[in-house]
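Student: I have a structure I would like to understand better, so I am pasting it below and will then ask my questions one at a time.
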Amino acid sequence: MHYGLVVLYSYLLGAIPSAYIIGQIKGKDITSEGSGNIGGTNAYRVLGPRLGVIVAMMDVSKVLLALIITRAWLGTEAALSCAVLAAVVGHNWSVYVGFRGGKGIAVSVGAYIFLFPELAALALLSAVFIVLMTKYVSLGSLNFIMTMSILLLIKDTSLWYKGLGVLLLIIGLYRHKVNIKALRAGTERRFGNK
């Protein structure tokens, strides 16, 4: 029962469509512009840098709130893992906008910073370096979730967190399948290109 409630409120928090809400306030339908994705990168392209950063911060805040509530209430590794997974699923398949959503990277970053700040900082540095060198946000995003998955598998973490890392990697790869094809074909859009 407790874990069901964790999944429910974490999903509903994660499902809050930050980019769509900010877009509507600015008179733009982000689902029909750019890539049509309701995530930070497309928000940056469609709404501009300032609002793109605000969207990313809102997406991070969603999972942080879910984790803060869960840690205060139950605090178990199982409950925290469920909260993260539900928030990412909510962000990617939001009930508020017809089960559309983002790709879950900002939410995953927020979760990993909360749970594993040192490991997340290392993975983020690696991801940022790749984005700066290649201008491919998708490549940096994939690098981040892969690095975190590997680190959680090799470090002395619980099976819950190891499983979480693998699941977030699988979800991230699935949500980036179009980007992966574009990267292989050399047609992926670089950061800064409309």
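Student: Of all residues in region 10-60, count the ones that are open to solvent by 60 Å² or more (accessible area, probe 1.4 Å), of a type in the set (Ser, Thr, Tyr) and within 25 Å of Ala83 (Cβ to Cβ).
Tutor: The total comes to 1.
Student: Quick one: His176 ticks every box in (1) in contact (Cβ under 8 Å) with a residue 40 or more places away in the chain; (2) open to solvent by 40 Å² or more (accessible area, probe 1.4 Å) bar one, so which box is it?
Tutor: Failing condition for His176: (2).
Student: Any chance you could count how many residues in region 116-125 are surrounded by 18 or more Cβ atoms within 10 Å (Cβ to Cβ) and not aliphatic (A, V, I, L, M)? Step through it out loud before you land on a result.
Tutor: Kept after step one, since they are surrounded by 18 or more Cβ atoms within 10 Å (Cβ to Cβ), are these residues of region 116-125: 116, 119-120, 123-124.
Pick out the ones that are also not aliphatic (A, V, I, L, M) and you get 116.
Selection size over region 116-125: 1.
Student: Which one is most open to solvent (accessible area, probe 1.4 Å), of the residues in region 69-85 that are in contact with a helix residue (DSSP H, G or I) (Cβ under 9 Å, 6 or more places away or on another chain) and among the aliphatic types (A, V, I, L, M)?
Tutor: Step one: list which residues in region 69-85 are in contact with a helix residue (DSSP H, G or I) (Cβ under 9 Å, 6 or more places away or on another chain), which gives 69-71, 73-74, 76-85.
Narrowing further to those that are among the aliphatic types (A, V, I, L, M): 69, 74, 78-80, 83-85.
Details: Ile69: 68, Leu74: 52, Ala78: 12, Ala79: 0, Leu80: 5, Ala83: 0, Val84: 0, Leu85: 50 Å².
This residue is Ile69.
Student: So which of Ile105, Ile113 ends up being open to solvent by 70 Å² or more (accessible area, probe 1.4 Å), under 13 Å from the mean Cα position of the chain (by Cα) and of a type in the set (A, V, I, L, M, F, W, C)? Steps first, please.
Tutor: On the way: Ile105 fails: open to solvent by 70 Å² or more (accessible area, probe 1.4 Å).
Ile113 is the lone residue from the list that is open to solvent by 70 Å² or more (accessible area, probe 1.4 Å), under 13 Å from the mean Cα position of the chain (by Cα) and of a type in the set (A, V, I, L, M, F, W, C).
Student: Is it the case that some residue within region 53-61 is polar (S, T, N, Q), under 18 Å from the mean Cα position of the chain (by Cα) and part of a helix (DSSP H, G or I)?
Tutor: Step one: list which residues in region 53-61 are polar (S, T, N, Q), which gives 61.
Now restrict to residues that are under 18 Å from the mean Cα position of the chain (by Cα): 61.
After this cut, where a residue has to be part of a helix (DSSP H, G or I) as well, the list is 61.
Within region 53-61 (the criterion being polar (S, T, N, Q), under 18 Å from the mean Cα position of the chain (by Cα) and part of a helix (DSSP H, G or I)), the answer is yes, since at least one residue qualifies.
Student: Looking at Tyr96, Tyr161, which is the one that is assigned to a helix (DSSP H, G or I) and closer than 26 Å to Ser35 by Cβ? Steps first, please.
Tutor: Numbers: Tyr161 fails: closer than 26 Å to Ser35 by Cβ.
Testing whether each residue is assigned to a helix (DSSP H, G or I) and closer than 26 Å to Ser35 by Cβ leaves just Tyr96.
Student: Being touching a residue at least 40 places away in the same chain (Cβ under 8 Å), of a type in the set (A, V, I, L, M, F, W, C) and open to solvent by 50 Å² or more (accessible area, probe 1.4 Å) is true for just one of Val95, Val88. Which residue is that?
Tutor: Working: Val88 fails: open to solvent by 50 Å² or more (accessible area, probe 1.4 Å).
Matching residue, one of Val95, Val88: Val95.
Student: Can you give me the number of residues within region 132-151 that are under 17 Å from the mean Cα position of the chain (by Cα) and in a helix (DSSP H, G or I)? Let's see the steps before the verdict.
Tutor: First pass over region 132-151, keeping only residues under 17 Å from the mean Cα position of the chain (by Cα): 136-149.
Pick out the ones that are also in a helix (DSSP H, G or I) and you get 137-149.
Count: 13.
Student: From the list Leu125, Leu164, Leu132, which residue is within 19 Å of Val84 (Cβ to Cβ) and either at pLDDT 95 or above or out of contact with any Gly (no Cβ under 6 Å at 6 or more places or on another chain) (or both)? Break it down into steps so the answer makes sense when it comes.
Tutor: Values: Leu125 fails: within 19 Å of Val84 (Cβ to Cβ); Leu132 fails: within 19 Å of Val84 (Cβ to Cβ).
Unique residue meeting the criteria: Leu164.
Student: Can you spot a residue in region 102-113 that is in contact with a strand residue (DSSP E or B) (Cβ under 9 Å, 6 or more places away or on another chain), farther than 20 Å from Leu159 by Cα and in a loop (DSSP other than H, G, I, E, B)?
Tutor: Of the residues in region 102-113, the ones in contact with a strand residue (DSSP E or B) (Cβ under 9 Å, 6 or more places away or on another chain) are 102.
When the remaining residues are screened for being farther than 20 Å from Leu159 by Cα, the result is 102.
Keeping just the survivors that are in a loop (DSSP other than H, G, I, E, B) gives 102.
The answer is yes, given that some residue of region 102-113 is in contact with a strand residue (DSSP E or B) (Cβ under 9 Å, 6 or more places away or on another chain), farther than 20 Å from Leu159 by Cα and in a loop (DSSP other than H, G, I, E, B).
The values are calculated or read from the model by the stated rules, or taken from the named source; none is laboratory data. This structure is a prediction, so every number in the text was calculated from the model and none was measured. Using ideal geometry, Cβ is built from the backbone for each residue, glycine included, and neighbour counts are taken over all protein chains shown. With ligands, DNA and RNA removed, areas are computed over all heavy atoms of the protein, side chains included. Shrake-Rupley method; radii C 1.70, N 1.55, O 1.52, S 1.80 Å.
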